[in-house]
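Written out below as structure tokens is the structure these notes cover.
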Amino acid sequence: MGHLSAELSAVFQAAFEAIGLDRTFGSVRRSDKPEMADFQCNGAMAAAKSAKRNPREIASEIVARVADEPMISAIEVAGPGFINLRIADAKLSARVEDIRAEDMAGAEPAPDPIKLILDFGGANVAKPMHVGHLRTAVIGDTLQRLFRFLGDTVISDVHLGDWGLQMGHLITELQDEQPDLPYFDIKNTGPFPAEAPVSIEDLSRLYPQASAKAKGDPDRNMRSQKAVAELQAGRPGYRALLDHFVAVSIDELKIDYGFLGVSFDLWKGEKDAEPLIPDMVADIKARGLAIEDAGAWIIPVEREGDTKTFPPLMLVNSRGASMYHTSDLATILDRVRTYGPDRMVYVVDQRQALHFEQVFRASEIVGYMAEEKLEHIGFGTVNGPDGKPFKTREGGTLRLGDLTDMALEAATRKIEEGGRLADDIGQDERARIAELVARAALRFADLQNTRTTNYVFNLDTFMSFEGKTGPYLLYQAVRIKSLLRKAAAEGNVAGVIRIDSDKERAVVLALDGFANALLQARDKRMPHLMCEHVYGLAQAFAAFYGAHPIASEPDDETRASRLGLCEAVAHQLYIGLDLLGIEAPDRM
């Protein structure tokens with residue numbers, strides 16, 4: 001069964017068509033004023049303009065044609081031609097039973113499933129992740145979960161920053177500290193030790209150390225550049241070191257990503273596209289698609305009619321080195337050859353928009369993938385109280401690991417101080433619950449914001465168990481699970497759902513919106529639409545819970561019906577939370 005607005009739209013579209021008007025006028029949606037109606041159709045006004053007729057007359061004709069539809073219990077024309085309608089209780093009962101029984105809990109597969117590469121994460125080797133990586137991680141992971149749930153085939157790639165000057169800095173600084181390592185003997189072609197000569201702590205120290213030296217010493221910087229050139233040329237010892245740097249970094253990155261519940265199919269980086277670059281550059285040159293400019297090779301991407309300036313894509317610089325643009329272009333080529341996706345989606349800071357426009361245009365010019373199939377999903381920044389990107393008290397960039405530690409500490413304090421946990425919950429379980437609360441707080445706080453906007457980081461607000469927060473959603477989910485568990489222990493089981501009250505109606509209508517919320521979130525790449533739905537459902541349940549006895553209801557049929565409604569809510573709520581990357585504990 002489809003969701004109610006789709007079913008109603010089909011009925012109204014047929015009615016508009018029957019009176020000689022375009023069926024698209026028959027679109028039905030949830031009412032802006034739920035106290036007056038469940039759904040509304042506003043097509044009569046638009047139809048009146050095209051048909052040069054009175055909108056109330058058209059609306060009245062439509063009402064006359066659909067008034068006998070069994071799923072509609074009341075219908076009226078309001079104002080200049082709005083059609084307001086109320087759904088029959090029996091239809092709501094049937095709808096919620098379907099939601100309770102369906103694997104997708106009322107959602108529907110996407111009508112146009114595709115195969116896509118989802119590029120998000122973008123962490124750098126040897127550098128700790130910072131607060132700026134939070135958004136790409138949780139937005140990208142949520143889209144990954146959503147796409148798969150709705151039937152898309154997704155291949156996600158972290159796309160590590162593992163190529164360039166920072167690698168030269170690491171190699172040369174390590175050589176200064178441990179010159180006798182076998183990697184620095186130019187005659188040594190391997191094999192090299194399997195165990196890394198550095199830890200993540202070493203890498204975190206070596207890179208800023210080298211970078212600071214290079215800023216004030218051109219010769220020191222040139223050493224790093226020379227090391228990069230030798231690395232790119234395939235020097236065995238340097239390649240072996242790079243492999244160690246990447247492996248050590250990935251182990252650390254998996255801890256931070258793991259805390260947030262984020263995973264990837266591929267842990268590839270810029271270096272994985274490097275083997276394709278020489279032949280790719282030669283081919284682009286041979287086809288006359290790149291031009292020489294002051295010793296560099298560029299691909300002009302500006303078009304006639306552009307309203308802003310588009311710098312050319314730098315393919316090879318004047319020193320003969322490939323650039324960041326080149327790596328991204330080669331990555332597109334690699335993905336097309338390896339996976340043949342219908343689309344590539346990049347979840348990266350909005351401030352990188354120009355870069356992606358250049359790369360996407362170049363991709364179309366050289367024939368790898370059409371620009372329209374390459375999509376940059378930009379997002380705003382995480383800001384401090386001053387409205388600027390979030391910093392530490394000392395003014396530095398906040399490490400993501402420090403942020404998650406802060407969240408975990410706040411969650412632990414919140415659940416202990418609030419007396420929210422049952423007395424029989426042991427320390428291990430308490431620690432696990434605190435971790436889930438911290439994750440819910442961070443992910444929901446980020447995802448509930450419109451993706452393209454900035455937001456202010458406020459841990460106290462995010463961690464509250466009241467209001468529009470992740471912990472509030474966990475509380476409602478656990479409350480339902482606890483209610484059902486206690487009812488079952490007392491021998492009270494769910495039965496056929498019968499809708500008898502406005503609060504029950506509101507719950508069912510909230511449940512019915514799941515399909516549309518997910519499809520809209522997919523089409524617009526806007527996870528906040530999922531957050532709105534899940535929060536709205538939790539609120540509708542809370543109102544129902546506060547208004548009616550459930551397990552304590554004396555009437556057997558009514559009690560069984562309300563427990564059935566609780567089951568439907570729990571089924572959809574847990575799926576919705578999972579799509580947001582939020583895991584609810586069994587109890588609190």
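The values are calculated or read from the model by the stated rules, or taken from the named source; none is laboratory data. Just so you know, these numbers come straight off a predicted model, no measurement behind them. For neighbour counting, all protein chains shown are included, and Cβ atoms are generated from backbone atoms with ideal geometry for every residue, glycine included. Heavy atoms of the whole protein, side chains included, go into the accessibility calculation; ligands, DNA and RNA do not. Shrake-Rupley method; radii C 1.70, N 1.55, O 1.52, S 1.80 Å.
Miscellaneous remarks
- Residues in the range 10-31 that are in contact (Cβ under 8 Å) with a residue 40 or more places away in the chain, part of a helix (DSSP H, G or I) and β-branched (Val, Ile, Thr): Val11 only.
- Test result for Leu403, within 27 Å of the chain's Cα centre (by Cα), modelled with pLDDT under 95 and hydrophobic (A, V, I, L, M, F, W, C): yes
- Residue-level check: of (1) surrounded by 17 or more Cβ atoms within 10 Å (Cβ to Cβ); (2) at pLDDT below 95; (3) out of contact with any Phe, Trp or Tyr (no Cβ under 7 Å at 6 or more places or on another chain); (4) of a type outside the set (Phe, Trp, Tyr), Arg303 misses just (1).
- Qualifying residue in the range 445-465 (condition: over 30 Å from Arg522 (Cα atoms) and either open to solvent by less than 10 Å² (accessible area, probe 1.4 Å) or of a type outside the set (Asp, Glu) (or both)): no
- Between Ala88, Ala46, Ala94, the distinction of being over 24 Å from Asp502 (Cβ atoms) and open to solvent by less than 70 Å² (accessible area, probe 1.4 Å) belongs to Ala46 only.
- Summed over the range 371-396, the residues that are in contact with a Phe, Trp or Tyr (Cβ under 9 Å, 6 or more places away or on another chain) and either assigned to a loop (DSSP other than H, G, I, E, B) or open to solvent by less than 20 Å² (accessible area, probe 1.4 Å) (or both) give a count of 10.
- Which numbered condition Ser73 misses (of (1) at pLDDT 95 or above; (2) surrounded by fewer than 16 Cβ atoms within 10 Å (Cβ to Cβ); (3) farther than 26 Å from Lys503 by Cα): (3)
- Any hit, the range 157-180, residues being out of contact with any Phe, Trp or Tyr (no Cβ under 6 Å at 6 or more places or on another chain), of a type in the set (A, V, I, L, M) and in a loop (DSSP other than H, G, I, E, B): no
- Residue match in the range 204-216 (condition: within 30 Å of the chain's Cα centre (by Cα) and over 23 Å from Thr331 (Cα atoms)): yes
- Filtering the range 248-277 to residues that are assigned to a helix (DSSP H, G or I), out of contact with any Leu (no Cβ under 9 Å at 6 or more places or on another chain), open to solvent by 50 Å² or more (accessible area, probe 1.4 Å) and over 13 Å from Leu333 (Cα atoms) leaves Asp251, Lys254, Ile255.
- Scanning the range 96-118 for residues that are out of contact with any Lys or Arg (no Cβ under 9 Å at 6 or more places or on another chain) and in a strand (DSSP E or B) turns up just one, Leu118.
Residue-wise test of (1) touching a residue at least 24 places away in the same chain (Cβ under 8 Å); (2) farther than 21 Å from Ala247 by Cβ; (3) open to solvent by 80 Å² or more (accessible area, probe 1.4 Å); (4) not acidic (Asp, Glu).
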| residue | (1), (2), (3), (4) |
| --- | --- |
| Leu174 | yes, no, no, yes |
| Phe184 | yes, no, no, yes |
| Glu195 | no, no, yes, no |
| Ser199 | yes, no, no, yes |
| Tyr207 | yes, no, no, yes |
| Pro218 | no, yes, yes, yes |
